[in-house]
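S.K.: Shown below is the structure under consideration.
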Amino acid sequence: MFGIGQVAFLTGVPTQTASSSPSTSTTEVPNQSTMFNTETNLRPLNEHDTTNPRPVSEAFTGTISMDDTATDLNLDDDATTTNRNSVINPEIEKPQPPPPPPAYETLAQKNPKATDHLSITIGPPVIILFDIVIPCIIYYVWYDIHVSQWNTQCAEFTRANQGQACTIPKPEYDRDILGYAIISFGFGELYILIARVVRLWRYRDLCAPLLSRSKWELDATSWVYGVAMICALIPFVVGSTLEIPELYLYSPGFLMAFLAILMLITLIPVPTPYGINSHARGTPLRPFIYYAAEDFIAVDGLQDREFRVRYNARYENNKSFRRLFLWLTLWWITGVAIYLGCLSAIIWNMEFHYAFGASLGILFAYIVIWAIVSYLWVQIEMDREKRQYEEAAGQA
């Protein structure tokens, strides 16, 4: 009786009590051999499994052990089942694949028109015009006029002195012509600086550095550009006033030497004593070309602050991106050294009227060659980085 009651408790089958009278409607106890569905191949209750006894926990969870398998009897009401047997959804148990990685993010996402900020668009032609074309026109027109006059004077001198060699010094330069060349050279540099400053003032919310708190803070490139102009202006003025042609021709070299010194300093990742561009005070110093590229692309390239955000994030999270700017800075330092060597060879081995044009030509040849190589270098690295990212995303 106890055994039958226990099974009734476990299986939910009602039993007949001893106190029930014959006239009372009672539920008949099913036959032990038919208490369970034979299709489940369960053991009859009168057989005791000595090889695989049921643990007590199974009695409360509803799991009945069998020879070949185990059937889970769900004793709780389940709205999703009709036969009181637990149903396992294979879609729920199947591990879900990870979400696909985001698409590769392009740094410069805007496509500005040339007329969006015309004063900056015409900046490079203005620099070439006033820094090399007009100075050469001013000087060589003056030189041609004075050499023609000198030839006439020498011819008269030779006739007057019966074939004696002309002792009149050949004109190479004077204080006035050197001063005029300085004015033209400085105008080109000053124009692009003013154009950048005006855009930073008028569109501060669009293109200023991320941590800029005032329109007077500008950006690092504007301040460096202004100081570099002063470094070039001093030898220009002294060389023209005192008529020291070598010092005069070295003036662009002073500008490039100043930039090279800054490049060398930025290779040391010391904490900055004050904020630079989008980086707070105490941030490790980054290579010079990194700051220059950020400012030129954001302001002169009209990519604005959105570019600065993506640019900084890429630098912080991408080791190869950081290494690229280290090598680019070293590349430009090497270029400055080569330029200064070529400039010195020109100054000390050519007459002034040859050295004047050659010194300006070697400056712009250096800038153009190094800029083109840097551009191609960056494009190759960006393509390689994008390809690696897409391959890794495909494997994921």
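The numbers here are math on the coordinates, done by the rules we state, and not lab data. In this text, all values refer to a predicted model and were calculated from it rather than measured experimentally. Cβ sites come from the backbone with ideal geometry, for glycine too, and all protein chains shown count toward neighbours.
S.K.: Please tell me the relative contact order of the range 120-391 in percent, rounded to the nearest whole number, where contacts are Cα pairs under 8 Å and at least six residues apart.
M.R.: It rounds to 18 percent for the range 120-391.
S.K.: Let me ask something else about it. Provide Rg over Rh for the range 104-194; use the alpha carbon set for both Rg and the Kirkwood Rh (inverse mean inverse pair distance).
M.R.: Value, to two decimals: 1.36.
S.K.: Only Cα pairs under 8 Å and at least 6 apart count here; give the relative contact order of the range 282-396 as a rounded whole percent.
M.R.: Details: 38 pairs, mean separation 23.5, N = 115.
So the answer I get is 20 percent.
S.K.: If you take every residue apart from Ile244 with its C-beta less than 15 Å away from the C-beta of Ile244, what net charge results, scoring Lys and Arg +1 and Asp and Glu -1?
M.R.: Neighbourhood net charge equals -3.
S.K.: Taking all pairs of different Cα atoms in the range 120-391, averaging 1/r and flipping that mean, what Kirkwood radius in angstroms comes out?
M.R.: Kirkwood hydrodynamic radius for the range 120-391: 21.1 Å.
S.K.: Turning to a different aspect of this structure: Suppose we keep just the alpha-carbon trace of the range 320-375; what are its Rg and Dmax in angstrom?
M.R.: So, for the range 320-375, Rg and Dmax equal 13.9, 47 Å respectively.
S.K.: Give, to the nearest whole percent, the P(r) tail of the range 244-371 beyond 20 angstrom, counting all Cα pairs.
M.R.: Roughly 53 percent, once rounded to a whole number.
S.K.: Using the eigenvalues of the Cα gyration tensor, what equivalent ellipsoid semi-axes result for the range 181-253 when each is taken as the square root of five times the eigenvalue, whole Å, largest first? Could the numbers behind the result be given before it?
M.R.: Numbers: eigenvalues 204, 25, 11 Å².
Semi-axes from the Cα gyration tensor: 32, 11, 7 Å.
S.K.: I'd like the projected area of the range 139-243, averaged over all directions, using the convex hull of its alpha carbons. Report it in nm² with one decimal.
M.R.: Taking the Cα atoms of the range 139-243, their convex hull projects to 8.6 nm² on average.
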